[in-house]
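See below for the structure under consideration.
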Amino acid sequence: LAEAVGPILASNSTEGSAYAGSAQDESVSIMWERLVQIFWLVFGRVDKVLSWGPNFTSTGFAISVGAALFSLPFLLTMALVAVWSIASAGPARKTFSSILIISVGVPVYPIVLALMLAIFWIVMEFIALAIGVVGPVVATVSVFCMSCTALSSFIEEQRRYPRAVEDITFAQLFAGLAIGAASLCTFGVLTVVLTVLKAPFVLIGLTAMGIYYTIPGLLETGCWCPIAFIGWIFAFAAGVCALVLGILLSVVAKFLLSLVWPAYVTAGWLRHVGRGGRRTRSCFCTPLVQGTKAGYQVLWAADLLTNACILGRFDLLEKTQREFMEIAGGARQELSPECRTVACLPPVVVGLFQGDGWDMSEELIARHLGVTTDVVREAWNSLAEQMLCIGRDALASGLITEDYVLGVPPELVIGLPARTLLDTVDRSPGTDVVLATGIVLTEHKRPHGAFADRAWEELRRSKAALPGLASAGAQARQCLCGLLLAGGGDPGELPTGLARTVRELDGLLPDAQEAVLAVQRPLVALAVECSRQAAFKEKLRDLISAISMEDGGSTEVEGALMQGPGRA
């Protein structure tokens, strides 16, 4: 096709210089003629490719007539057996009927059958032709009508919103396009090379999975297995062709995505999808860095998707697609640990612009504490690792079950942070709060705000009640850990081991019960406030899902709550 179209395009450029001084309508006429020639060349090549295969009508007619002739001996035998099984007829009538069937039926059967099959396949040919002619026209009109309807709905919806007074600047737009072009030449090329190199393995993996899932159904057909096997062979060949075309389409899509996504991030276009923020003013340094990360993220996502296809992890494809849309909308910064397990390349976090800056909440917290944003992010990573360890210890000890974890109940969403906060309170001396990474929070060196102030007060209340817990004994401490992990849930709805630990509170002395509840109530109240933060809750769900993963170490959940500071 390139050899056929190339000379025409070259001659078109040469003739364009010759006709430079001609009228505009003549130039349009020349271009139209070239486009028509290109169309007929493409049509001829496609027709030539299709002519290599068997004709639809003649092939169907030949196979159906051959199958009918092959069945003639069986039909003749069954007819004779049926005649000689008639109880009301004598031997003479049965003999006459048999001679009539053999002398008349055998010669007439192929002729009549050939005529009927010829009529059938001619009608099928015209039906296929009608579908080929009318189908694209109907599909085009339908798409046009649906597009007009969707456009009208979109315009009507946009009219309800106030007009934006301030948008991105042209400098930011050109910066986004520059980063997109640079990503296209670097990460885009690497993505294409990676996809092409993995294409044979993807084809083999998907083909093997297709065979694995279709062979049992093929064997269940029983006596129809030979016919079903022939149909399966045709479906298998069509599926392989579709996979090859799908891989080629994915190469084009990833190549274009390596241009669009970095430019989208750099220029602040995240505001157009979901809850993404709007860029109004910022320096170029951070957006350019985030755009470069976005280019690498396309490469990483391509590696993840191809590995998922090779390994047959189709259950992760839908979840990965949904989480990518959440990333584009600003609802998350990275994929969940479960989706990241099949990737070979290390993940990268793309900062989403919210309000007046990138990851502004992280920067504000870091400024209040006098540390860098990396230290704040490390603290949230440490919190994720602690909750993961506590959850797996509870799972190993029988307090909770795997089914309970996979259900992600609200009690566990509240109880897991509450139980982790107990360790934070235990390690904090005096009135300070010491995090696992060594960050020290004081009254004058901590974040401020409605949520931060509420969290600080609840932690102080819990710390003030710790001395009473120490005098209540080890059983009270064990009961407190169970109560916190239960998240205030009804013992009747908890796993057996956890419910047993919760009910041990009734066996304690009244003073010990009050000491346990004095520590438990503030921590549960703080965990409830945390669970009300949408992004914190989503990240916590991902982390809880990773608790039951057999091979999920702490490296799989690194940064599982990295978005937490930006929302919670």
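The values are calculated or read from the model by the stated rules, or taken from the named source; none is laboratory data. Not measured: the values here are computed from a predicted model. Reconstructed Cβ throughout: ideal geometry from the backbone, glycine too, with neighbour counts over all protein chains shown. Side chains included, ligands, DNA and RNA excluded: accessible areas come from the protein's heavy atoms. Shrake-Rupley method; radii C 1.70, N 1.55, O 1.52, S 1.80 Å.
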Between Leu249, Leu256, Leu245, which is over 25 Å from Met209 (Cα atoms), surrounded by fewer than 16 Cβ atoms within 10 Å (Cβ to Cβ) and modelled with pLDDT of 85 or more? Leu256
Could you pull out the residue among Ala366, Ala302, Ala328 that is assigned to a helix (DSSP H, G or I), at negative phi, modelled with pLDDT under 65 and under 15 Å from the mean Cα position of the chain (by Cα)? Ala328
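Residue-by-condition table, conditions (1) closer than 28 Å to Ser64 by Cα; (2) open to solvent by 50 Å² or more (accessible area, probe 1.4 Å):
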site	(1), (2)
Thr77	yes, yes
Val81	yes, yes
Ser85	no, yes
Ser88	no, yes
Gly105	yes, no
Pro110	yes, no
Phe120	yes, yes
Val123	yes, yes
Test Gly180 against the criterion of being open to solvent by less than 40 Å² (accessible area, probe 1.4 Å), of a type outside the set (A, V, I, L, M) and modelled with pLDDT of 80 or more, and give yes or no. yes
Looking for something under 23 Å from the mean Cα position of the chain (by Cα) and modelled with pLDDT of 70 or more - is there at least one such residue anywhere in region 266-287? no
Answer from Thr221, Thr207 - the residue that is among the polar types (S, T, N, Q) and either loosely packed, with under 14 Cβ neighbours inside 10 Å or free of Cβ contacts under 8 Å to residues at least 12 places away in the same chain (or both): Thr221
Test Arg454 against the criterion of being of a type in the set (Lys, Arg) and free of Cβ contacts under 8 Å to residues at least 60 places away in the same chain, and give yes or no. no
